[in-house]
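Peer 1: I have a structure here, written as C-alpha cells, and I will follow up with some questions on it.
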Amino acid sequence: MDKGISFYFGYNIPPEERVKMIKEAGFNCVITSCDKKFTSENGTLKSQTRLFKKHGLILTSLHLSYNTPDLHYFWQEGRKGEHIAKNTMREIKLAHKYNIKNVVIHLFGIYSSVGEKRLLKILDLCSKYDINLAVENIDCTRLFADIFSKIQHEKLKFCYDSGHNNVFDKATDYLQKYGDKLAALHLHDNNGKADEHTIPPLSGTIDWDKIALRLSKLNEVSLDYETMNRIHKQIFASTFLALVKEHADELEKKIQHYKTKKI
C-alpha cells in the first residue's frame, strides 16, 4: 500500500532536505496544505510540487486553507460566506493546475440552503476538473452528517481523521458509516483529550485494530499520516519519521490480515 506523511511534521528543516528525509524513510507519498501561512515553512505550492516530483513523491491530497472562527459564515448570507466559497474555488483551480486529485476541506456551522448552493457550485467545479472534495471529520458531527445525507454528488468525498475522531466524537464510527466515500486519510493518535497529532508509542489511545478492520473492507487509499511532533522534541527528525513509517507498516499488516480473514 502507498504510505505518506505531512510535508511539515514538526521540524524546522529546509524543504528539500525534508523531502529527502521523507523519501529515505520509505514513504512514497506526501500531503500538504496550500494555506499561505505555511509558506515560510514549506515554500510555495509550486516549489513544493517541484520538489515532490524531483524526489519521486506522490502528492495524494491538498488541504485547502481555512480560518476556524470564520468557517460558520459559509452557511450564512453575506460577503464573508461568499469570500470563503470563492477562495475555495480558487484553490481547487490551483489543485487542478498541479494535477492534484484530492482536496481536503474543513466545514463547520449549521447546514443551510445558502451553504448548500455554495457547496454544490464548488462540487460542480470539482467535476469539471475531476477532483475529489474530501470533507474532513472535525468537531462538527451534525453538519458532517447533514452534508452527506442531503447532498448526492459524485465528487463529494470523505477524509477520515483518526485523531479528531478520538478527541471529538468517539461514538461516531465514520469509516463504517461513510467508508464508501473515503478518498483520503489523516492518520494520527492522541491521548483522547487533545489533538496531539502523534503516534504510538509516543502517545495514543486509538484502537488501531478497529481502524485496520474498517479499512480492510474499503477501497484502498494511501495510508497518509498527518503527524506533527510537538511534544517529544528530544527525538531526532529521522527517528520520528522511522517511528511513523513503522506504524504505517504495522497498520498495513493488520489491514492485510483482516482482508485475508474476510471478517
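Every number in this text was worked out from the coordinates using simple rules, so none of it is lab data. If you're wondering where the values come from, they're calculated on a predicted model, not measured in any experiment. Using ideal geometry, Cβ is built from the backbone for each residue, glycine included, and neighbour counts are taken over all protein chains shown.
Peer 1: Say the cut-off is 31 Å between C-alpha atoms; which of 37/155; 53/245; 117/210; 54/93 go over it?
Peer 2: 117/210
Peer 1: Lys and Arg at +1, Asp and Glu at -1: add these up for the other residues within a Cβ distance under 13 Å of residue 151 and post the number.
Peer 2: On the way: positive: 117, 118, 121, 150, 155, 157, 181; negative: 116, 124, 146, 154.
Net local charge, residue 151 excluded: +3.
Peer 1: Further, regarding this structure: Hey, in the GNM for the chain with a 10 angstrom Cα cutoff, which one of 139, 70, 224 fluctuates hardest?
Peer 2: Checking each option, the largest mean-square fluctuation is seen for 70.
Peer 1: Report the calculated FRET efficiency for residue 87 and residue 249 (r = Cβ-Cβ distance, R0 = 45 Å), to the nearest 0.05.
Peer 2: Calculated transfer efficiency: 0.75.
Peer 1: A follow-up question, please. Of 190, 219, 132, which is the most mobile in a GNM of the chain whose springs link Cα atoms less than 10 angstrom apart?
Peer 2: Of 190, 219, 132, the Gaussian network model singles out 219 as fluctuating most.
Peer 1: Rounded to the nearest 20 debye, what is the charge dipole size of the stretch 150-217 about its Cα centre when +1 sits on each Lys and Arg Cβ and -1 on each Asp and Glu Cβ?
Peer 2: With only Lys, Arg, Asp and Glu charged at Cβ, the dipole is about 320 debye.
Peer 1: How high is the FRET efficiency between residue 121 and residue 44 when r is their beta carbon distance and R₀ equals 30 Å, given to the nearest 0.05?
Peer 2: Rounded to the nearest 0.05, the efficiency is 0.65.
Peer 1: What is the gain in length, in nm to one decimal, between residue 259 and residue 2 on full extension, counting 0.36 nm per residue of separation less the C-alpha to C-alpha distance?
Peer 2: That works out to 90.9 nm of additional length.
Peer 1: Turning to a different aspect of this structure: To check you understand DSSP bridge types, tell me what percent of the beta bridges within the chain (both residues inside) are antiparallel, rounded to 5.
Peer 2: If I count the DSSP bridges inside the chain, around 5 percent turn out antiparallel.
Peer 1: Using alpha carbons only, how many angstrom separate the centre of the stretch 209-247 from the centre of the stretch 118-147?
Peer 2: 25 Å
Peer 1: Around residue 108, with a cut-off of 11 angstrom between Cβ atoms, what is the net charge of the other residues, counting Lys and Arg +1 and Asp and Glu -1? Present the calculation step by step, with values, prior to reporting the outcome.
Peer 2: Details: positive: 142; negative: 70, 136, 139.
Neighbourhood net charge equals -2.
Peer 1: Which of the following values of log10 I(q)/I(0) by the Debye sum over Cα atoms at q = 0.12, 0.14, 0.16, 0.17 Å⁻¹ was calculated from the structure shown: [x] -0.64, -0.90, -1.23, -1.43; [y] -0.71, -0.99, -1.30, -1.45; [z] -0.80, -0.98, -1.14, -1.21?
Peer 2: [y]
Peer 1: Once you wrap a convex hull around the alpha carbon atoms of the stretch 45-135, what is its projected area averaged over all directions, in nm²?
Peer 2: Values: hull surface 23.2 nm².
Average projection, Cα convex hull of the stretch 45-135: 5.8 nm².
Peer 1: Only sites in a loop by DSSP and with at most 13 other Cβ atoms within 10 Å count here; which GluC sites (Glu not before Pro) in the stretch 110-198 make the cut?
Peer 2: 154
Peer 1: Would you tally the net charge around residue 127, using a Cβ to Cβ cut-off of less than 14 Å, leaving residue 127 out, and scoring K and R as +1, D and E as -1?
Peer 2: +3
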